[in-house]
Amino acid sequence: MFECKIPLFNPAPLRKEILESMRDLAVSEQAARYSGYSDGILAGCELFEQNMNIGVSSGLVRFAGRVYVLDKPDSVPYRATDAWTVLKIQFGGEKISRDFSIYEGRLVLDENTNVLPNEIELGRFKLKRGSRLRTKYVDFQDMETEFDTVNPFNVPFAGIGEHTLMPVIVSYFAREAYPYAHEAPDIAFCTSCLANSGAMSRESIRLYLWRRYSLDGEMFDNHALHARLADALAEIKGEARQGGQGLSDGIWMP
């Protein structure tokens with residue numbers, strides 16, 4: 001049966017049953033809320049740069065069926081290498097203490113652009129010596145800048161069944177496209193993106209692109225999703241598409 005059990009916290013020593021009830025409610029609520037979600041960022045985890053450190057704000061990440069909490073910003077120092085460097089969360093195995101079963105993920109910078117099974121990517125960049133890293137963007141096309149700018153296209157944002165593009169990508173697309181949009185599918189997609197702060201399921205993005213380009217059945221990896229959105233934005237604005245620089249050298253993941 002369904003049940004709502006609320007601890008009363010009467011002025012007396014806390015009974016074991018009350019503590020167990022609070023524990024079980026938190027675990028059950030978390031499991032129910034994110035049931036069916038893919039691995040990836042659930043909320044927060046926005047990138048920032050500070051004093052030659054790259055980091056992420058507090059947030060939630062799902063990995064291997066578990067929800068990991070970052071309750072305060074965390075960062076790691078970076079350096080210029082003129083080569084691709086990937087910011088990752090690297091997950092470890094279970095640790096047992098007297099009171100907890102603990103799973104942890106730590107931030108690492110890795111020149112290996114392959115994302116291993118125990119890792120989630122948070123962004124990648126190619127930094128010139130003497131330069132500073134940027135985590136903020138001027139516009140949609142700016143995300144494609146080859147050097148000195150964090151590239152967000154490979155980052156998995158958790159979604160039902162499959163991960164999707166980071167909301168920042170879709171938000172920039174919608175904000176730029178909407179003032180120029182005249183066709184119903186473009187207007188509807190931009191409106192939906194803006195209403196949902198850019199958090200769009202992979203299926204929604206895919207269906208929009210299918211309709212716009214008269215496609216059906218093409219699944220699209222992250223690279224193709226971005227490339228198609230870039231093409232659509234250029235067409236909506238009546239501009240020639242300027243291809244991304246340095247993004248087609250085999251570093252993309254599905």
Fill in the blank from the handout: Candidate cut points under chymotrypsin sites (Phe, Trp or Tyr not before Pro) in the stretch 105-177, DSSP loop plus at most 15 other Cβ atoms within 10 Å of their own Cβ, are PHE147
Exercise for the section: Compare ARG134, ARG62 by solvent-accessible area with a 1.4 Å probe and give them largest first, with all protein chains kept in place. Expected result: ARG134, ARG62
Problem - J(HN,Hα) series, the stretch 224-233, from Karplus relation 6.51 cos²θ - 1.76 cosθ + 1.60, nearest Hz, glycine and proline x - result: 5, 4, 5, 4, 5, 5, 5, 4, 4, 4
Fill in the blank from the handout: Sorted by chain and number, the residues with a modelled amide H under 5 Å from that of TYR37, at a separation of 5 or more or across chains, are GLY161
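Among the trypsin sites (Lys or Arg not before Pro) within the stretch 74-113, which fall in a DSSP loop and have no more than 10 other Cβ atoms within 10 Å of their own Cβ?
Taking the stretch 74-113 and a limit of 10 other Cβ atoms within 10 Å, the loop trypsin sites (Lys or Arg not before Pro) found are ARG79, ARG98.
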Exercise for the section: Tell me the GluC sites (Glu not before Pro) within the stretch 28-106 that lie in a loop according to DSSP and have at most 11 other beta-carbon atoms within 10 Å. Expected result: GLU94
Practice task
Starting at the first residue of the stretch 209-222, write each ³J(HN,Hα) from the Karplus equation 6.51 cos²θ - 1.76 cosθ + 1.60 with θ = phi - 60°, in whole Hz, x for Gly and Pro.
Solution key: 5, 4, 5, 5, 10, 6, 10, 7, x, 6, 7, 6, 7, 4
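The values are calculated or read from the model by the stated rules, or taken from the named source; none is laboratory data. Predicted model only: the values in this text are computed from it and were never measured. Ideal geometry is used to build each Cβ from the backbone, glycine not excepted, and the neighbour counts take in all protein chains shown. With ligands, DNA and RNA removed, areas are computed over all heavy atoms of the protein, side chains included. Shrake-Rupley method; radii C 1.70, N 1.55, O 1.52, S 1.80 Å.
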